[in-house]
Amino acid sequence: MKPELLMPAGDMEKLKTAFQYGADAVYAGVPMFSLRAREQMFNIKSVKEAVDYTRSLGKKIYLTLNIFPHNYKIPALKNALKPLAELKPDAFIMADPGVIMLSKEIAPEIPIHLSVQANNVNWASAKFWHKQGIERIILSREISLAEVKGIHEMNPNLELEFFVHGSICMAYSGRCLLSNYFSYRDANQGTCAHSCRWQYKVHEAHSKREIDQEEAEKRGFKELDHDYYLEEISRPGEYMEIAEDEHGTYIMNSRDMCLVEYLKDLKDAGVCSFKVEGRNKTVFYVATVAKTYRQAIDDMEAGKPFNPEHITELAKTSNRGFIPGFLMANPREKAQEYKKNITHQTHEFVGIIRNIHERDHQKLYEVEVKGRIDVPDTVEVFSPSKSFKYEMVKIMNLNGEELKVVHPGQKDKVLIELPEEVEIGAMIRKERAHHI
């Protein structure tokens, strides 16, 4: 069976883009009950529009209710389950056992997929959840290909989903308390401040530290009047030698996962759904990643060898450098981007085609500007079916007046000519002047 390409949908535009560029299914967060509560733009009323649109395409949509709710959220959750179930999504994505229990009681007709937040890393746990009526498990990112295969072999009738692309959280299956500690925004309630991406400087404290007697004797310290010993901090206030440069260090800033070259391995191991992370990413990210993975899956199904250009294409989106996660081995030091919280992307998003006009028997493409474009920049236009480079020889405002430069700060749309026809929703990007 052909694996499913499952893309994130942070709002209706991203949902439509995901399907236009090749997704088989999307997942969308429900307000208050999703781990991307601050980023996604859906509300319960607009979820109906999302479900109806998805149905019109014959595609699938999964609704995410994967927080770990405190008592005060339970009444609201119970009130929301029935109306959400009446919309008939293809599944709820859940992590908390109590939430799963309530869903089984209130909306037993809706299948449940176990969220990655439940950190399922072994076949016994998978079997337990299957017995509770879970139809699909989104496996933990922290497991190897051999472990995926082992889970499938012991649970052949259970659907397995696996993250193949996107940001990796430094915490175990994303269950992190850093954000709550630093900024009182709880990642497990959907309000993460992404503290692991911040810049840190570590210095020695202006204090003494307690050491035990054995360590004191080894260091030749003299016995004090009490039953513990103190070691003087030798460099109070000085920075520890962990910073690579004067800008500090990013000791928890993980690189991104990219498994595009391992799709066949995952399919053979029993994975039926390839999931992409990124509900708060741009439509450009959604379009590029969906198109690339669509092509990679279709190539795999056709028996074609892996095309390295897929990785080149994915690098055109925002990324911190790609690693295969834990799939082939523990990534160890390669898991982190220590130097800077920078993007390695090679291209920048500069526009999206919003409309097509016919003037004097000529097609003009109306562009919503997303980045600076200068005449005569060389840009790349891509759509679900094609990609081509083009020197931007003319840019006009909607009145037909020529412009030499445009940028998003103008908050206006412009008209351009193109050498090839493309559809509404096509993206425009250009190579970044400096990239890592």
Can you run phi through the Karplus equation (6.51, -1.76, 1.60; θ = phi - 60°) for the stretch 142-147 and list ³J(HN,Hα) in whole Hz, with x for Gly and Pro? 8, 10, 8, 4, 4, 6
Relative contact order of the stretch 347-431 (C-alpha contacts under 8 Å, at least 6 apart) in percent is 40 percent
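How would you rank Arg359, Arg55, Arg255, going from fewest to most other Cβ atoms within 10 Å of each one's own Cβ?
In increasing order of surrounding Cβ atoms, one gets Arg359, Arg55, Arg255.
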Cross-link pairs beyond the 18 Å C-alpha cut-off, checked among Lys316/Lys389; Lys60/Lys104; Lys14/Lys60; Lys78/Lys127; Lys48/Lys88: Lys60/Lys104; Lys78/Lys127
Tell me, what ³J(HN,Hα) does each residue in the stretch 76-90 have, in order and in whole Hz, if you take phi through Karplus 6.51 cos²θ - 1.76 cosθ + 1.60 with θ = phi - 60° and put x for Gly and Pro? 5, 4, 4, 5, 7, 4, 5, x, 5, 5, 5, 6, 6, x, 6
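Stretch Val393-Gln362 to full length: gain in nm at 0.36 nm per residue minus the Cα-Cα span?
9.6 nm
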Report the net charge of residues surrounding Leu87, where surrounding means a beta-carbon distance below 12 angstrom and charges are Lys +1, Arg +1, Asp -1, Glu -1. 0
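For Lys78, Lys411, what ranking results if the residue with the fewest other Cβ atoms within 10 Å of its Cβ goes first? Could you put the intermediate results ahead of the total?
On the way: Lys78 14, Lys411 8.
Listed from fewest to most nearby Cβ atoms, that is Lys411, Lys78.
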Whole-Hz Karplus ³J(HN,Hα) for the stretch 49-59, in order, using 6.51 cos²θ - 1.76 cosθ + 1.60 and θ = phi - 60°, x for Gly and Pro? 4, 5, 5, 4, 5, 4, 4, 5, 9, x, 9
Once amide hydrogens are built 1.01 Å from N within the peptide plane, the residues lying 5 or more places from Ile93 or on another chain with amide H under 5 Å from its amide H are Leu63, Thr64, Leu65, His113
In percent, how large is the relative contact order of the stretch 1-117, given Cα pairs closer than 8 Å and 6 or more residues apart? 21 percent
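Since every read-out is calculated from the coordinates, none of them should be taken as a lab result. Small disclaimer: the values here were computed from a predicted structure and weren't measured. Cβ coordinates were reconstructed from backbone atoms using ideal geometry, including for glycine residues, and neighbour counts include every protein chain displayed.
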